[in-house]
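Engineer: I'd like to ask some things about the structure below.
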Amino acid sequence: MMEDKITIEKLNLYYGDFHALHDINMHIQKNEITAFIGPSGCGKSTLLRSLNRMNDLVEGCRIDGSIKLDGTDIYNGDLDVTVLRQRVGMVFQRPNPFPMSVYDNVAYGPRIHGITDKKELDEIVETSLKQAAIWDDLKDRLKKSALGLSGGQQQRLCIARALAVKPEVLLMDEPTSALDPISTSKIEELALELKKNYTIVIVTHNMQQAVRISDKTGFFLLGDLVEFGETDQLFSMPKDERTEKYITGRFG
Amino acid sequence: MSRAKRKDRLMTGIFYAIGWIMLAFLLYLTLTIIFDGLKGFQWDFLGAAGNGIFDQFFNTIYLVFLSLLVSVPIGIGAGVYLAEYAKEGKFLTIFEISIESLSSLPSIVIGLFGYLVFIMWTGMSWNILAGALTISILSIPLITTETNNAIRALPVEYKEGSLGLGATKSETIRKVLIPAAMPQILTGVIMAAGRGFGEAAALLYTSGQSTYINWQNFWKVTSPTSPLNPFRSGETLSLHIWVMRTEGALNPSATQIANFTSAVLVVLALLFTLVTRRISDRMRKRNNGGN
């Protein structure tokens, strides 16, 4: 029996009067890649952003039910939101390096969390860039601005930046939708490599991507989690008619 | 040639002409001021006493420095508040409009307000600090507006990226948003300094029209004649021009002094703008990279 990393129970989420997620129950397991799929506006990104409380930024966003990280409620427990976000890192749809050097981008998180020792920072930067498989590309341009990198490099830099604060979970919000096919496959390989040490949740528009890299898949429609299970099974023998229609391309 | 194409050519020509006329006018103006200033030049203009304007030169820089010391932190703070903390809505819009119109109020009115608050209420005589604070009333809105716009123009992904790493809102503002917006904020600082260099009316009744400095007392800040004492009266270059053209006209060299002062002031303001622009461009380049 695998361990639950994140447990979502009876989660309802509202943006003002709009009921965006209905009674979601889900167990996300350690060292697995869990993919969220579904048509635009189905709530998959909303759910992802609830896992590190990024929805707190949206005015009028309200939640009931519970999300637990290692058994601790992340909304009502004693877990500080900055600690939560350190433990649950995020990679965004559009690569978003800060307008500063490659080094400062990766060192940003550790510095925020109080690491000032130059040697220690150097080490973290190197390890993180290696983990994101981009050290060789960037080791000679650590002092250059991160905005001068290509899109694919920027996205891997952002992954390195997220890894630098030593998270346990990595949330990826359509991380390859702005990238070319080669960069996309590099990010996918990277995700497969990273799941050995991290728990990964990925939102994707690309069903093939879910098939290629995820262990479990959840299919969302209009705020409902229609079906959730082993990726192989969900794509070969979906239990729900709506899932079947979606994965065979009949809507969405 | 078709009609549309002819019209297009004509309009292009007109815009070019307007541009060149503006440039020519600007060059003519600047060069005239500088040549007129140099024409009647006498060596004693450079001194600190008599016909010299060195004291006024120093006062101008000191006053601009003091006013930026006040207006930069307050202006940036207010801009950050508007962009990141204030609730959107009617109140915020009214607030923003008021701030923007504050900087376009007639400066003589602000000058009299400064006189009332910083001179009458404090019971002090004319002093540089009062002048600097009065200038700040005019320049804070410039920096505030520029900061507010600069931060709002940043991609929301910067903020999300920082918060997503576990940074607090204030860390995000200090370490990501303000540095990213800095090149544009500096534009506001240039405009703010420009008010300090150019303003005469607002300083008439605040920083005063006389200067008594003893350069021997430079570091004795508490001495009433120390150049660094912010509580002494101090006439700036632009005010000196006005004085030379009115009550100072009894001086036989008044016109030459006024012309030379104008030239110095123009060059000073130009230099400040160029240097700050350079810093701002460098920052922009460093931020945006390129390979």
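The values are calculated or read from the model by the stated rules, or taken from the named source; none is laboratory data. Quick caveat, the model's predicted, so the values are computed rather than measured. With ideal geometry, Cβ positions are generated from the backbone for all residues, glycine too; neighbour counts draw on all protein chains shown.
Engineer: Would you please name the residue that is surrounded by the most Cβ atoms within 10 Å (Cβ to Cβ), looking only at residues in region A:179-234 that are of a type in the set (D, E) and assigned to a helix (DSSP H, G or I)?
Structural biologist: A:E188
Engineer: Working carefully through the options B:L10, B:L38, B:L92, B:L26, find the one that is part of a helix (DSSP H, G or I), in contact (Cβ under 8 Å) with a residue 40 or more places away in the chain and surrounded by fewer than 14 Cβ atoms within 10 Å (Cβ to Cβ).
Structural biologist: B:L38
Yes or no, residue by residue, for (1) touching a Leu at 6+ places or on another chain (Cβ under 9 Å); (2) surrounded by fewer than 16 Cβ atoms within 10 Å (Cβ to Cβ); (3) closer than 18 Å to B:F35 by Cα:
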| position | (1), (2), (3) |
| --- | --- |
| B:S233 | no, no, no |
| B:M244 | no, no, no |
| B:N251 | no, yes, no |
| B:L271 | no, yes, yes |
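Residue-wise test of (1) surrounded by fewer than 22 Cβ atoms within 10 Å (Cβ to Cβ); (2) at pLDDT below 90.
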site: B:P179; (1), (2): yes, no
site: B:M182; (1), (2): yes, no
site: B:G188; (1), (2): no, no
site: B:Q216; (1), (2): yes, yes
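Engineer: Considering each of A:L129, A:L171, A:L163 in turn, give the residue that is more than 11 Å from every other protein chain (Cβ to nearest Cβ), in contact (Cβ under 8 Å) with a residue 12 or more places away in the chain and over 19 Å from B:N288 (Cβ atoms).
Structural biologist: A:L129
Engineer: Can you name the residue in region A:136-152 that is within 11 Å of chain B (Cβ to nearest Cβ) and touching a Ser or Thr at 6+ places or on another chain (Cβ under 8 Å) and is also farthest from A:P110 (Cα to Cα) among such residues?
Structural biologist: Selected residue: A:S150.
Engineer: Another question about this same structure. Residues in region B:107-124 that are assigned to a helix (DSSP H, G or I) and of a type outside the set (A, V, I, L, M, F, W, C): how many?
Structural biologist: Of the residues in that region, 4 qualify.
Engineer: So, in region A:158-178, how many residues would count as being assigned to a helix (DSSP H, G or I) and of a type in the set (A, V, I, L, M)?
Structural biologist: Counting residues in region A:158-178 that are assigned to a helix (DSSP H, G or I) and of a type in the set (A, V, I, L, M) gives 4.
Engineer: Right, next: I'm trying to understand the selection: among the residues of region B:164-176, which are more than 7 Å from chain A (Cβ to nearest Cβ) and more than 30 Å from the chain's Cα centre (by Cα)?
Structural biologist: Once the filter is applied, which keeps residues that are more than 7 Å from chain A (Cβ to nearest Cβ) and more than 30 Å from the chain's Cα centre (by Cα), region B:164-176 yields only B:K169.
Engineer: Right, something else. Does A:K130 count as out of contact with any strand residue (DSSP E or B) (no Cβ under 9 Å at 6 or more places or on another chain), part of a helix (DSSP H, G or I) and within 22 Å of A:E189 (Cα to Cα)?
Structural biologist: yes
Yes/no per residue for (1) within 14 Å of chain A (Cβ to nearest Cβ); (2) of a type in the set (V, I, T):
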site: B:I185; (1), (2): yes, yes
site: B:G188; (1), (2): no, no
site: B:M191; (1), (2): no, no
site: B:G194; (1), (2): no, no
site: B:Q216; (1), (2): no, no
site: B:G234; (1), (2): no, no
site: B:L237; (1), (2): no, no
site: B:F260; (1), (2): no, no
site: B:V275; (1), (2): no, yes
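Engineer: Still on this model: Within region B:46-89, take every residue that is of a type in the set (A, V, I, L, M) and closer than 15 Å to B:L203 by Cα and give me the one that is surrounded by the fewest Cβ atoms within 10 Å (Cβ to Cβ).
Structural biologist: Among those residues, the one meeting the criterion is B:I61.
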